[in-house]
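Undergrad: This structure is in structure tokens; I'll ask about it shortly.
The values are calculated or read from the model by the stated rules, or taken from the named source; none is laboratory data. Being a predicted model, the structure only gives us computed values, none of them experimental. Neighbour counts run over all protein chains shown; Cβ positions are idealised from the backbone, glycine included. Each accessible area value is taken on the protein alone, full model and side chains, heavy atoms only, with ligands, DNA and RNA left out. Shrake-Rupley method; radii C 1.70, N 1.55, O 1.52, S 1.80 Å.
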Amino acid sequence: MMPPSDFREALFGAPHVGWLPAGPRDAISDVPGVFVGHATLADGPVQTGVTVVCPTPATTMDHGGAAAGAISPSPQWDPFRTKIPAAAAVINGFGKSVGLMQIDELGVVETPLALTNTFSVSHVVLGQLRAAIAANPGIGRDRPSLNPTVFECNDGYLNDMQAFAVTEADYAQALASASVDVAQGAVGAGRGMSSFGLKGGIGSASRVVETAGAMFTVGVLVLSNFGRPSQLTIAGRHVGPVLDERLAQPESGAAPERGSIIMLVATDAPLDARQLRRVATRTGAGLARTGSVYGHGSGDVALAFTTGYTVPHDAMGRVAPAALVPDALLDPIFQATADATEQAILHALFAAESVLGRDAHVRRALADVLPDWATL
């Protein structure tokens, strides 16, 4: 565990949210068995990419003490045959994600979790299908079909989505690069994303809690692409009006919310799908603290999963249930989820660099526009 003054706050300049301690990386990869990889496309009007979150069983891949970047997911782990419990919550459904219906029905994910731009969902789905079929040639023939899991946000202000630049190879690259070292800001799927009129992108954070007689980690990764400038609140400090003035974009204050955010929550606490859906819903608390009102045109989607146990695809008999955390003891996990979500959004803003994209559109970094935010 790290104190509030851990290295990520020192690196990004973001304040520590709440009183719970962060994990050693203050990232989703602090949860045992979770890895993140990116493929970033940054070439003139193409400013986009792919981010992949790989949940693997913590019982077979515990990297809690590993150095950042030192470990990658085990090639022996097959997410189709050994599934991870999960659940999704749609806070505002203006989105085009793939796979949520089956997750809602069965309570598991069977692929890595992929993030990209809206027009690239189909190419990433193909990448997931080919990877799964390579490991299980019977998929779609003598075995069931695959449920790809791909989330999206619209990065069209900076990125020329009509270029359809993301390919299956970019998904494969992101997957191959997955490690515990989580790059943040204008990387991967976050390359072209905007938040509060500023440069948004990928952000991640973690919190460590004690409940049910054990220590657990909750980690969050966000694809932040939401918010009007006037709404921005940093650790309880409403800086939106000053941001609006400095950006000199008066029309943005009256424009409807057209952004989105994807929030992925990981934990090693043993929870079932019903409980994980309750956890996913708590991301809304952290999201709201930053100023979001879940606008009409905003796609605000969350998914929570646990690496604490797995669900076998080929179970031929009864399966022993996991010893779950009781519902009455979930409040610390809810608190950690809200805090880590808010922290991850701030990390996305503080870590992002300014980006020049299509048609000379620019999103400036928070550090360039509000370096004095703490005194406002």
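Undergrad: Checking the condition surrounded by 16 or more Cβ atoms within 10 Å (Cβ to Cβ) and at pLDDT below 95, which residue from Val355, Val311 passes?
TA: Residue meeting the stated conditions: Val311.
Undergrad: Another one. Residues Ile345, Ile333: which one is under 21 Å from Thr116 (Cα atoms), assigned to a helix (DSSP H, G or I) and of a type outside the set (Gly, Ala, Ser)?
TA: When all the criteria are applied, what remains is Ile345.
Undergrad: Look through Thr281, Thr290, Thr267 and report the one residue that is in contact with a Phe, Trp or Tyr (Cβ under 7 Å, 6 or more places away or on another chain) and among the β-branched types (Val, Ile, Thr).
TA: On inspection, the qualifying residue turns out to be Thr267.
Undergrad: Shifting gears a bit: If you scan the stretch 197-228, which residues turn out to be among the small types (Gly, Ala, Ser), assigned to a strand (DSSP E or B) and surrounded by fewer than 24 Cβ atoms within 10 Å (Cβ to Cβ)?
TA: Step one: list which residues in the stretch 197-228 are among the small types (Gly, Ala, Ser), which gives 197, 200-201, 203-206, 212-214, 219, 224, 227.
Okay, now just the ones that are also assigned to a strand (DSSP E or B), so 201, 203-206, 214, 219, 224.
Residue satisfying the conditions is Ala214 alone.
Undergrad: Which pairs have Cβ atoms under 7 Å, sit 6 or more apart or on different chains, and link a residue in the stretch 132-147 that is more than 16 Å from Val108 (Cβ to Cβ) to one that is outside any loop (DSSP other than H, G, I, E, B)?
TA: Ile133/Ile139
Undergrad: In contact with a helix residue (DSSP H, G or I) (Cβ under 8 Å, 6 or more places away or on another chain), among the acidic types (Asp, Glu) and either touching a residue at least 24 places away in the same chain (Cβ under 8 Å) or outside any strand (DSSP E or B) (or both) - does that describe any residue in the stretch 305-316?
TA: The answer is no; no qualifying residue exists.
Undergrad: Continuing with the same structure: Can Arg278 be described as at negative phi, in a helix (DSSP H, G or I) and of a type in the set (Lys, Arg)?
TA: It is true that Arg278 is at negative phi, in a helix (DSSP H, G or I) and of a type in the set (Lys, Arg).
Undergrad: Taking the stretch 269-289, which residues are crowded, with 21+ Cβ neighbours inside 10 Å and under 16 Å from the mean Cα position of the chain (by Cα)?
TA: Leu276, Val279, Ala280, Arg282, Thr283, Gly286, Leu287
Undergrad: Condition first: more than 15 Å from the chain's Cα centre (by Cα) and touching a residue at least 40 places away in the same chain (Cβ under 8 Å). Now tell me which residues in the stretch 110-123 satisfy that.
TA: Glu110, Thr118, Phe119, Ser120, His123
Undergrad: Under the condition of being within 22 Å of Asn225 (Cβ to Cβ) and touching an Asp or Glu at 6+ places or on another chain (Cβ under 6 Å), which residue from the stretch 13-45 is surrounded by the most Cβ atoms within 10 Å (Cβ to Cβ)?
TA: Only one residue fits best here, namely Asp26.
Undergrad: With Asp170, Asp181 as the choices, which residue is among the acidic types (Asp, Glu), farther than 25 Å from Asn92 by Cβ and outside any loop (DSSP other than H, G, I, E, B)? Talk me through it step by step, then tell me what you get.
TA: On the way: Asp181 fails: outside any loop (DSSP other than H, G, I, E, B).
Just one listed residue meets the conditions, Asp170.
Undergrad: Go through (1) hydrophobic (A, V, I, L, M, F, W, C); (2) part of a helix (DSSP H, G or I); (3) open to solvent by less than 50 Å² (accessible area, probe 1.4 Å) and name the single condition Ala367 misses.
TA: All conditions pass for Ala367, except number (3).
Undergrad: Next question. Among the listed residues Gln128, Gln102, Gln173, identify the single one that is free of Cβ contacts under 8 Å to residues at least 60 places away in the same chain, polar (S, T, N, Q) and under 14 Å from Val52 (Cβ atoms).
TA: Only one candidate passes the filter, namely Gln128.
Undergrad: Might you check whether a residue that is hydrophobic (A, V, I, L, M, F, W, C), out of contact with any Gly (no Cβ under 9 Å at 6 or more places or on another chain) and more than 24 Å from Ala348 (Cα to Cα) occurs anywhere in the stretch 251-259? Let's see the steps before the verdict.
TA: Of the residues in the stretch 251-259, the ones hydrophobic (A, V, I, L, M, F, W, C) are 254-255.
This time we only want the ones that are out of contact with any Gly (no Cβ under 9 Å at 6 or more places or on another chain), so: 254-255.
Adding the requirement that they be more than 24 Å from Ala348 (Cα to Cα) leaves 254.
Yes, the conditions are met somewhere in the stretch 251-259.
Undergrad: Continuing with this model, one more query. Is it the case, given these coordinates, that Asn147 is modelled with pLDDT of 95 or more, touching a Leu at 6+ places or on another chain (Cβ under 9 Å), of a type in the set (S, T, N, Q) and open to solvent by 10 Å² or more (accessible area, probe 1.4 Å)?
TA: Yes, satisfied.
Undergrad: For the stretch 320-327, indicate whether the set of residues that are in contact (Cβ under 8 Å) with a residue 12 or more places away in the chain, open to solvent by less than 50 Å² (accessible area, probe 1.4 Å) and among the acidic types (Asp, Glu) is non-empty.
TA: Among the residues of the stretch 320-327, not one is in contact (Cβ under 8 Å) with a residue 12 or more places away in the chain, open to solvent by less than 50 Å² (accessible area, probe 1.4 Å) and among the acidic types (Asp, Glu), which makes the answer no.
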